[in-house]
Amino acid sequence: MTKTLLVTGGCGFIGANFVRYLLNREADVRIVNLDKLTYAGNLSNLADVAADSRYRFVHGDICDAGLVGGLFAEEKPEAVVHFAAESHVDRSISGPSAFVQTNVVGTFTLLEAARNAWLDGSAEASLRRFVHVSTDEVYGSLGATGYFTEETPYDPRSPYSASKAASDHLVSAYFHTYGLPTVITNCSNNYGPLQFPEKLIPLIVNNALHGRELPVYGDGKNVRDWLYVEDHCAALWTVLNQGVPGETYNIGGNNEKQNIEIVTAICTLLDEMASPLPGGKARTSLIRFVKDRPGHDRRYAIDAEKIRRELGWEPGTTFEEGLRRTISWYLANGPWLQGVLDGSYQSYYQTMYGGR
Ligand code: NAD
Ligand code: TYD
């Protein structure tokens with residue numbers, strides 16, 4: 001029987017990869033995608049599936065209780081996969097309000113609609129899972145050793161991670177209080193096709209491709225655990241099907257890298273894969289160490305043993321392979337990149353990096 005999934009934020013980076021991943025692999029899945037189309041949401045991310053009869057796009061805000069409630073009543077989704085969020089730490093520092101609105105109030109609004117559907121009690125009531133897609137940043141910052149497990153106490157440091165932590169707590173409360181069958185995933189940094197060029201990897205690819213300076217915050221030794229986005233999609237599909245209600249699953253790449261290592265690796269690959277810079281200059285010469293991010297978390301590292309042991313998921317893509325595939329995608333999709341580098345991106349870049 002066909003399952004209807006309500007996906008929120010399906011026009012963003014991970015959401016769009018997830019929608020494509022499912023429509024390409026699962027014949028009996030129907031997806032309703034609710035997305036506000038903020039600067040980070042892009043209809044062209046799903047242009048190739050837009051005409052698929054198993055796909056429906058709804059333009060709207062997860063904070064709109066009437067719209068969200070109406071969608072549950074009309075579509076009777078069997079599952080919700082909740083991606084919609086404001087997702088960029090630097091933007092949360094310069095303007096936290098939208099983060100509280102979408103990540104906290106929006107998640108609450110969605111939970112209320114799900115609760116009504118769950119408690120409906122009618123034979124038609126269909127909701128089986130509510131998967132809340134969250135981040136490892138809720139756990140705070142690690143020193144040189146140790147890992148985040150599902151038992152690590154929450155200690156968010158940025159407005160972004162604080163708003164995601166708040167949303168995680170609400171989701172958890174709806175499980176304990178109302179029995180809503182929620183599952184929370186806390187994932188490490190993703191990279192891959194369709195990522196907006198405000199995040200480290202696509203920003204550096206874009207700048208290095210065009211011979212522009214490569215801003216590295218602080219000493220460049222902050223560590224992130226990088227996961228190829230398609231591996232995250234596979235993990236979410238596994239959690240949706242096998243995850244136990246009320247549980248949390250950490251998802252990570254077991255792939256820690258310092259930022260400077262990432263930037264250097266991108267430069268080396270682009271020197272090999274793209275047109276040379278004028279005078280044959282190595283792209284590493286574009287690296288600039290700039291003023292650090294306030295409250296910059298030093299290190300994130302995920303212990304993903306629980307999802308491996310209990311659900312059998314493991315990352316399948318090595319960093320070398322994933323980075324090469326990512327760069328190839330950006331090289332092959334110049335019009336996509338040009339399309340998102342519009343006026344608002346230019347003013348964002350100027351505000352964030354001008355004179356930094
Ligand atoms: P993104 O910023 O690329 O996309 C966010 C999407 O949500 C966009 O399509 C946007 O239009 C939509 N959206 C924003 N506000 C909305 C609203 N009020 N109503 C409806 N739609 C709205 O984000 P992403 O990187 O794809 O992240 C997706 C989710 O995964 C987020 O919840 C994020 O916290 C989480 N996450 C991201 C990463 C990462 O490395 N990117 C890692 C772990 C967890
Ligand atoms: P980012 O992609 O913003 O993800 P997050 O902050 O959610 O981990 O940043 C990844 C790392 O790269 C983080 O340590 C900040 C650093 N960074 C830079 O050094 N320069 C940049 O221009 C950006 C966007 C990030």
Quick test for you: out of 343, 295, 246, 334, pick the one residue that is farther than 22 Å from residue 14 by Cβ, surrounded by fewer than 19 Cβ atoms within 10 Å (Cβ to Cβ) and modelled with pLDDT under 95. 343
Tell me, yes or no, whether the range 218-238 has at least one residue that is among the β-branched types (Val, Ile, Thr), farther than 30 Å from residue 355 by Cα, in contact (Cβ under 8 Å) with a residue 60 or more places away in the chain and open to solvent by less than 30 Å² (accessible area, probe 1.4 Å). yes
Mind counting the residues in the range 87-110 that are within 15 Å of ligand 2 (Cβ to nearest atom) and of a type in the set (A, V, I, L, M)? 2
Scan the range 54-70 residue by residue and report those that are within 11 Å of residue 110 (Cα to Cα) and either part of a loop (DSSP other than H, G, I, E, B) or touching a Pro at 6+ places or on another chain (Cβ under 8 Å) (or both). 61, 62, 63, 64
Of all residues in the range 163-202, count the ones that are without any contact (Cβ under 8 Å) to a residue 12 or more places away in the chain and aliphatic (A, V, I, L, M). 1
For the range 61-119, name all the residues that are β-branched (Val, Ile, Thr), away from ligand 1 (no atom under 11 Å from the Cβ) and over 30 Å from residue 347 (Cβ atoms). 80
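Can you tell me which residues in the range 146-198 are charged (D, E, K, R) and part of a helix (DSSP H, G or I)? Outline the logic, then answer.
Within the range 146-198, the subset charged (D, E, K, R) is 150-151, 155, 157, 164, 168, 198.
Once the filter is applied, which keeps residues that are charged (D, E, K, R) and part of a helix (DSSP H, G or I), the range 146-198 yields 164, 168.
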If you check residue 274 against the conditions, is it at pLDDT 95 or above and surrounded by 17 or more Cβ atoms within 10 Å (Cβ to Cβ)? no
Yes/no for residue 131 being within 16 Å of ligand 2 (Cβ to nearest atom), open to solvent by less than 50 Å² (accessible area, probe 1.4 Å), closer than 25 Å to residue 250 by Cα and not hydroxyl-bearing (Ser, Thr, Tyr): no
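Quick one: in the range 40-53, of everything that is assigned to a loop (DSSP other than H, G, I, E, B) and open to solvent by less than 70 Å² (accessible area, probe 1.4 Å), which residue is farthest from ligand 1 (Cβ to nearest atom)? Please lay out each step first, then the result.
We begin by selecting, within the range 40-53, every residue assigned to a loop (DSSP other than H, G, I, E, B); these are 40-42, 50-53.
If we keep only those that are open to solvent by less than 70 Å² (accessible area, probe 1.4 Å) as well, we get 40-42, 50, 52.
Values: 40: 3, 41: 2, 42: 7, 50: 15, 52: 18 Å.
Only one residue tops the list, namely 52.
The values are calculated or read from the model by the stated rules, or taken from the named source; none is laboratory data. Every value quoted in this text rests on a predicted model; they were computed, and no experiment measured them. In this analysis, Cβ positions are derived from the backbone assuming ideal geometry, glycine residues included, and neighbour counts consider all displayed protein chains. The area values use the complete protein model at the heavy-atom level, side chains included, leaving out ligands, DNA and RNA. Shrake-Rupley method; radii C 1.70, N 1.55, O 1.52, S 1.80 Å.
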